[in-house]
Amino acid sequence: MPDSYSLSAIQKIAVVGAGTMGAGIAQLCVQAGYPTQLFDLNQATLLRARQSIEAGLGKLEEKGRLTAEERAAALGRLQTVNELDAVCADLIIEAVVEQLPVKHQLFADLAACNGPRTILASNTSTFPITQLAAPVRQPERVVGMHFFNPAPLMPLVEVISGAATDPAVAETVRQLALKLGKTPVLAADAPGFIVNRVARHYYVESLKAVEERVAPLEVVDELLEATGFRMGPFRLMDLIGVDTNFAVTSSLFAAFHYDAKFRPSRVQQQRVDAGHHGRKTGRGFYQY
């Protein structure tokens, strides 16, 4: 019998949260051959996620990266569920809203309806893994597995160990990321980990420039794209989700004890309050 914390022990995966990130992660899992459950309370969200996965696999078929049979087989490995107690897997990846009480309750519920050796991974971009593991009876099985948007395309995955994370759990997740075709990096359990800590100022300073009327946002985007960035900060925030980006900045601001360099922008908060969340709502910093 394989060791409980090894890649060979991962036979079934569940993804909790069927938004943009959750759907992308689920697509990667079924592509890699894993039977995968995708959970969300909202049936309409589940339907959109399935359609997104079908479209993503269809593009791979068009490009010759999947055969029609492989595409059909991958879709056959996807199961959508909207009852949390039906979520049962060897590894569960949560990709829900960046709110600590929600994640705490979710991990407590998942731990209660799964075996004690089920690995609980979080796609959080900001919350310490040690903090997320607090309500779990076996915190050694909690680990960070942070994908980047869009998950099927972006190669990087941060693997984060909390204070109690078993090294074998982190290694299993690292190996899984490789099997999914990703480039995993090991990160310490610090606010923002590696990428969000470094990249936060790409957004924050750009927002300050607009807030202080240094330049219009379109000009900021054009200038940064001209220097080699594939997407300017405002176009990128629209792609990620203006609300998601704002939540991450707010979380890091608190995690760094309200250091002014991480201060969220009033310009961004105004967009969030207006419901202008980016591409997913048809309007963010730009209209779509």
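Checking each residue in the range 193-224 for being outside any helix (DSSP H, G or I) and more than 23 Å from the chain's Cα centre (by Cα) picks out Glu212, Arg213, Val214, Ala215, Pro216.
Quick check: anything in the range 225-243 exposed (fewer than 14 other Cβ atoms within 10 Å of the Cβ) and in a helix (DSSP H, G or I)? Yes, the range 225-243 contains a residue that is exposed (fewer than 14 other Cβ atoms within 10 Å of the Cβ) and in a helix (DSSP H, G or I). How many of the residues in the range 244-263 are buried (at least 18 other Cβ atoms within 10 Å of the Cβ) and on the phi > 0 side of the Ramachandran plot? Final tally of qualifying residues: 0.
Applying the criterion of being closer than 22 Å to Asn149 by Cβ and in contact with a helix residue (DSSP H, G or I) (Cβ under 7 Å, 6 or more places away or on another chain) to the residues of the range 61-74, the residue that is surrounded by the fewest Cβ atoms within 10 Å (Cβ to Cβ) is Leu66.
Taking the numbered list (1) in contact (Cβ under 8 Å) with a residue 40 or more places away in the chain; (2) more than 25 Å from Thr130 (Cβ to Cβ); (3) of a type in the set (Gly, Ala, Ser) in turn, Gly192 passes all entries but (2).
Sub-9 Å Cβ pairs linking a first residue in the range 257-278 that is under 12 Å from His201 (Cα atoms) to a second residue that is crowded, with 19+ Cβ neighbours inside 10 Å and among the charged types (D, E, K, R), at least 6 apart or interchain, are Lys261/Arg200; Phe262/Arg200, ordered by first then second residue. Exactly one residue out of Arg266, Arg271, Arg283 is surrounded by 16 or more Cβ atoms within 10 Å (Cβ to Cβ), of a type in the set (D, E, K, R), closer than 18 Å to Ala209 by Cα and modelled with pLDDT of 95 or more: that is Arg271.
Taking the range 197-239 as the range and being touching a Phe, Trp or Tyr at 6+ places or on another chain (Cβ under 7 Å) and aliphatic (A, V, I, L, M) as the test, the residues that pass are Val204, Leu217, Val220, Met237.
Which fully enclosed strands (runs of 3 or more DSSP E) of the range 108-169 have 3 or more residues being in contact (Cβ under 8 Å) with a residue 24 or more places away in the chain and surrounded by fewer than 16 Cβ atoms within 10 Å (Cβ to Cβ)?
none
In the range 1-60, what residues are among the polar types (S, T, N, Q), crowded, with 17+ Cβ neighbours inside 10 Å and more than 18 Å from the chain's Cα centre (by Cα)? Result: Ser4, single match. Within the range 164-192, the residues that satisfy the criterion of being more than 17 Å from the chain's Cα centre (by Cα) and of a type in the set (D, E, K, R) are Asp166, Glu171, Lys179.
The values are calculated or read from the model by the stated rules, or taken from the named source; none is laboratory data. Just so it is clear, the structure is predicted and the values come from calculations on it, not from any experiment. Cβ coordinates were reconstructed from backbone atoms using ideal geometry, including for glycine residues, and neighbour counts include every protein chain displayed.
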